[in-house]
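One structure is given here, and the rest of the page talks about it.
What follows draws every value from the coordinates through simple rules; no lab data is involved. As the structure is a computational prediction, the values presented were derived from the model and not from experiment. Methodologically, a virtual Cβ is constructed for each residue, glycine included, from the backbone with ideal geometry; neighbour enumeration extends over all protein chains shown.
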Amino acid sequence: GCLYLLGCKGPITHADCPLRKWNNGVNWCIDAGMGCQGCTEPDFPDEVGPFYEKLEEKSFSFCFTCEVCSNVCPVVAQFENPEEVLGLLPHQIMRACAMGLKELAYETRMLGSCWSCYQCQRMCPQRVRIGDVLVELKIEALKKLKEKLTTLQPKKGSDNFLKEGRL
């Protein structure tokens, strides 16, 4: 499903009524007003771009570190002192990314603990694509880990791990 079916032609998503359901009545138009990232619908104009395009630095520029994302995160809510357990929290990860310090997020436990529930993204008053950013960072961190593992001396079972993700 897509806002395109409701008349959105990009580059900014538009829904004439934010409470209107789409995708056969399954989803709400929660991202109306966001930059259009493309779509999976047939006949969507190709010039808009792929649906899962790589996140750019400008994605973080609207974050003003209000902490809503961290406050609604069910992973963060599990801990009395989440920074101690998780390292950087979602709002801190966004700030680090905005400052060009994505590497700080790669080793934080928050990335591995994230449920990808997208509550952070749904509730962000600035419509920053926080959930998408966290997923992209997780993918980048895994690629870096794989690169690091391939440079180590192979041990019994490591070839299988690198090929299939298991020992």
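Computed values, structure above
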| quantity | calculated |
| --- | --- |
| Point-to-point label distance, residue 118-residue 80, nm (Cα→Cβ direction, 7 Å offset) | 3.5 |
| Rg/Rh (Cα only; Kirkwood hydrodynamic radius) as it applies to region 106-150 | 1.07 |
| Order of 129, 95 - criterion: other Cβ atoms within 10 Å of each residue's Cβ, fewest first | 95, 129 |
| Loop-resident sites, region 72-146, for chymotrypsin sites (Phe, Trp or Tyr not before Pro), counting at most 11 other Cβ within 10 Å (DSSP) | 115 |
